[in-house]
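K.L.:
Got a structure for you, written out below as structure tokens; questions coming shortly.
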Amino acid sequence: MAVQDRRDRSEEQDSTPLWQRLERPARAPRTPLSPERIAEAAVRIADTEGLDAVTMRRLASALGVAPMAAYRYVNGKDELLELMVDHVYGELELPAMEAADWRQITRVLALRLRDMLLRHPWVSRADWCGPTPNQLALLENALAALADNRLDADTSMSMYSTVTSYVRGAVDSETGLKQMLRTRGWSSHEEARLELAPQMQWLIKTGRYPMYERYLREAARKDDIQWQFEIGLDSVLEGIAVRLEADRAAREA
């Protein structure tokens, strides 16, 4: 009977893409739901309990509706993830294009993207589900910022991907470190260093790692994650700027 119910539900599902369906005029709802309410509730679950806790049944419980109610808007968890991803990308305030050059705009976008990913660490597991309107709005803004540099389409996209890959890598490293501290029961980076000191001292005394020993001895910003992120971001943008200037010089030669 359960197999037949699933088959019947599958046959009833609308195969039209999610975002096209949501553009249709809304019918009078039988339940007090909307795509926004569904996304907000699912994001709250993912933020507090993790992405694996997000199920259609758990969502219905959080919304106080029947388990099948959300299927009026999404065909299942894959489309629910699309709604969630679009919702959190909608938190990004896209910078105005006026009176700003590509570097300023790209830097602001990168900083805001990092902040959003840190607020919602589950996004790194979910935002490859497919392009959503707010994801494309971010991409459009970034590509428009580069448009005055007369780049071909492939190069523009590659430069955008380079910046976002840096952001994602830095966020993954930061969230991984936080997870390690929680798992070990350490409250701070300083406590972690104290706990690891005997092992680290032995390794350093082997004399095999003089550059890292210098870092441990001289570095003043070991725990300044924001500074570390921004200096890395500025280095990425400087590399892109050098490439753009070289291309400009070649065109004018």
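Read-outs throughout are calculated quantities, based only on the coordinates presented, and are distinct from any laboratory measurement. All figures in this text were calculated on a predicted structure; none of them were measured in a lab. Every residue, glycine as well, gets a Cβ built from its backbone with ideal geometry; the counts of neighbours run over all protein chains shown.
K.L.:
Grab the other residues whose beta carbon is less than 12 angstrom from that of PRO35, score K and R as +1, D and E as -1, and report the net. Could you put the intermediate results ahead of the total?
P.N.:
On the way: positive: ARG21, ARG24, ARG37, ARG72; negative: GLU23, GLU36, GLU40, GLU79, GLU82, ASP86.
Once all neighbours under 12 Å are counted, the net charge is -2.
K.L.:
How large is ³J(HN,Hα), in whole Hz, for each residue of region 64-79 in order, when computed from phi with the Karplus curve 6.51 cos²θ - 1.76 cosθ + 1.60 and θ = phi - 60°, using x for Gly and Pro?
P.N.:
Computed from phi, the couplings for region 64-79 are x, 10, 5, x, 8, 4, 5, 5, 5, 10, 10, 7, x, 5, 4, 6 Hz.
K.L.:
Between ASP101 and ASP47, what is the label-point separation in nm under the 7 Å Cα-to-beta-carbon projection?
P.N.:
Label-label distance for ASP47 and ASP101, simple model: 3.7 nm.
K.L.:
Please list, in order, the residues from region 39-54 whose amide nitrogen is less than 17 Å from a point placed 7 Å along the Cα→Cβ vector of SER61.
P.N.:
Correct set: 41-54.
K.L.:
Okay, moving on. Against the longest alpha carbon principal axis of the chain, how many degrees, from 0 to 90 and to the nearest 10, is the axis of helix 102-119 turned?
P.N.:
For helix 102-119, the angle is close to 70 degrees.
K.L.:
Tell me, what does the Kirkwood hydrodynamic radius of the chain come to in angstroms if you use every pair of distinct C-alpha atoms?
P.N.:
21.9 Å is the Kirkwood radius here.
K.L.:
Additional query: Angle between the Cα long axis of helix 35-49 and the longest principal axis of the chain, 0 to 90 degrees, nearest 10?
P.N.:
Approximately 50 degrees, to the nearest 10.
K.L.:
Report the local net charge at LEU139: Lys and Arg +1, Asp and Glu -1, summed over other residues whose C-beta lies under 15 Å from its C-beta.
P.N.:
Counting the neighbours of LEU139, the net charge comes to -2.
K.L.:
Could you check which residue among GLU91, GLU213, GLU140 shows the biggest mean-square fluctuation in a GNM of the chain with a 10 Å Cα cutoff?
P.N.:
Comparing GLU91, GLU213, GLU140 in the GNM, the peak value goes to GLU213.
K.L.:
Moving on to the next point. Treat each spin label as a single point 7 Å out from the Cα along the C-beta direction, and report the THR162 to THR16 distance in nm.
P.N.:
Once both label points are built, they end up 4.2 nm from each other.
K.L.:
For the chain, set up a GNM with springs between Cα atoms under 10 Å and report which of THR155, THR16, THR164 has the largest fluctuation.
P.N.:
In this elastic network of the chain, the residue with the biggest mean-square fluctuation among THR155, THR16, THR164 is THR16.
K.L.:
So the label point goes 7 Å from the Cα of ASP172 along Cα→C-beta, right? Which residues of region 208-231 then have their backbone N under 18 Å from it?
P.N.:
Only 229 pass the distance filter.
K.L.:
Angle between the Cα long axis of helix 189-205 and the longest principal axis of the chain, 0 to 90 degrees, nearest 10?
P.N.:
50 degrees
K.L.:
Would you tally the net charge around SER156, using a Cβ to Cβ cut-off of less than 13 Å, leaving SER156 out, and scoring K and R as +1, D and E as -1?
P.N.:
-3
K.L.:
Anyone know which of ILE105, ILE45, ILE225 comes out most mobile in the 10 Å Cα GNM of the chain?
P.N.:
Answer for the Gaussian network model of the chain: ILE225.
K.L.:
Hey, with R₀ at 45 Å, roughly what FRET efficiency would GLN199 and TRP128 work out to, going by the Cβ-Cβ distance, to 0.05?
P.N.:
Computed FRET efficiency for GLN199 and TRP128: 0.75.
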